[in-house]
Amino acid sequence: MRVDIWSDVVCPWCYIGKRRFEAAAAEFEHGGELEVVWRSFELDLGAPAERQGNLVEHLARKYGLDRAQAQANVDRLASLAGAEGLEFHLDQARGGNTFDAHRLIHLGRERGIQDAVKERLLAGYFTEGAPIGDRETLVALAVSGGLHEAEVRAVLDGDAYAGGVRADERDAQELGISGVPFFVVDGKFAVAGAQTADVIADVLRRAWDRAHQLAVVGGTAGTCTDESCAV
């Protein structure tokens, strides 16, 4: 059963949501039969290669908050991430344009290690303070995620997978996705946001049950129930 997940590598809820999804998949009876596809979503299409200032200042400007309010939001996110086993250092986060990061995630999918590449980029940004829009940083992260350096550099030197990133974003727009993370299970069930593992697991079970229902052909004539028989 396929699960498509739209997310961005600079979205804190996306990393938290990834961990919650992994917990849900671990408790789902058919977790080993899930095909997970990470889909591209850029929170800021016009972001510079590297954003100036720290995350607290950026959030304060973007949402019209004072610094104390923005800091409180950042601290809350770090606490929620810690509850999922993640270590956030948002005061060190160095944001920027994520288009090239998404292209490398597409390369990862083609090589069969998409999740590892996605995880490495998320950890680099949220835990290590890596500048996510910097070319050499992307090379180092992608290689440590399992990709070959020559391939990574070739992608970054050209426009490979640019069409795939834009196609993901068009699909998101057509589905009405305006925020991430956003999970689509078996093309029929959707989960918006970083819901709890229990919620996600319940959706996985419902989607599985629906996909594996028997189709009864020929009606129910000639059958008996506890109280009557159909004739």
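Laboratory data are not the source of any read-out in this text; all were calculated from the coordinates shown. None of these values were measured; they are calculated from a predicted model. Cβ sites come from the backbone with ideal geometry, for glycine too, and all protein chains shown count toward neighbours.
Values for this structure:
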| quantity | calculated |
| --- | --- |
| Max mean-square fluctuation residue, GNM over the chain, Cα-Cα springs under 10 Å, options 130, 68, 142 | 68 |
| Nearest 10 degrees, 0 to 90: helix 197-211 Cα axis against the chain principal axis | 40 degrees |
| Two-site FRET efficiency, residue 210 against residue 111, from Cβ-Cβ distance with R₀ of 30 Å, rounded to 0.05 | 0.40 |
| Within the chain, longest stretch free of exposed GluC sites (Glu not before Pro) [DSSP loop, at most 11 other beta carbons within 10 Å] | 88-226 |
| For region 108-115, 3J(HN,Hα) per residue [Karplus equation, 6.51 cos²θ - 1.76 cosθ + 1.60, θ = phi - 60°, Hz, x = Gly/Pro] | x, 5, 5, 8, x, 10, 4, 5 |
| Sites matching trypsin sites (Lys or Arg not before Pro) across region 120-210 that sit in DSSP coil, with at most 12 neighbouring C-beta atoms within 10 Å | 188 |
| Helical contribution to [θ] at 222 nm, DSSP H n ≥ 4, -39,500 (n - 2.57), averaged over the chain, rounded to 500 | -15500 deg cm²/dmol |
| Residue-wise HN-Hα coupling along region 98-107, computed from phi with Karplus coefficients 6.51, -1.76, 1.60 (Hz; x: Gly, Pro) | 10, 4, 5, 4, 5, 4, 5, 5, 5, 4 |
| Structure-derived volume of the Cα convex hull per residue in Å³ - corresponding label in [x] 133; [y] 115; [z] 167 | [z] |
| Mean separation of Cα contacts under 8 Å (6+ apart) over length of the chain, as relative contact order % | 28 percent |
| Inter-site label distance for residue 151 and residue 135 at 7 Å from Cα along Cβ, in nm | 2.1 nm |
| Length-normalised contact order for region 1-107 - Cα pairs under 8 Å, 6+ apart - percent | 35 percent |
| Residue exposure sequence - 198, 171 - by fewest surrounding Cβ within 10 Å | 198, 171 |
| Length gained when the stretch residue 66-residue 27 is fully extended (0.36 nm per residue, less Cα-Cα span) | 9.9 nm |
| Acute angle (nearest 10 degrees) that the helix 12-27 long axis makes with the longest principal axis of the chain, alpha-carbon atoms | 30 degrees |
| Residues with amide H under 5 Å from that of residue 36, placed H, sequence gap 5 or more | 3 |
| Cβ-derived FRET efficiency at R0 22 Å, residue 35 paired with residue 162, nearest 0.05 | 0.40 |
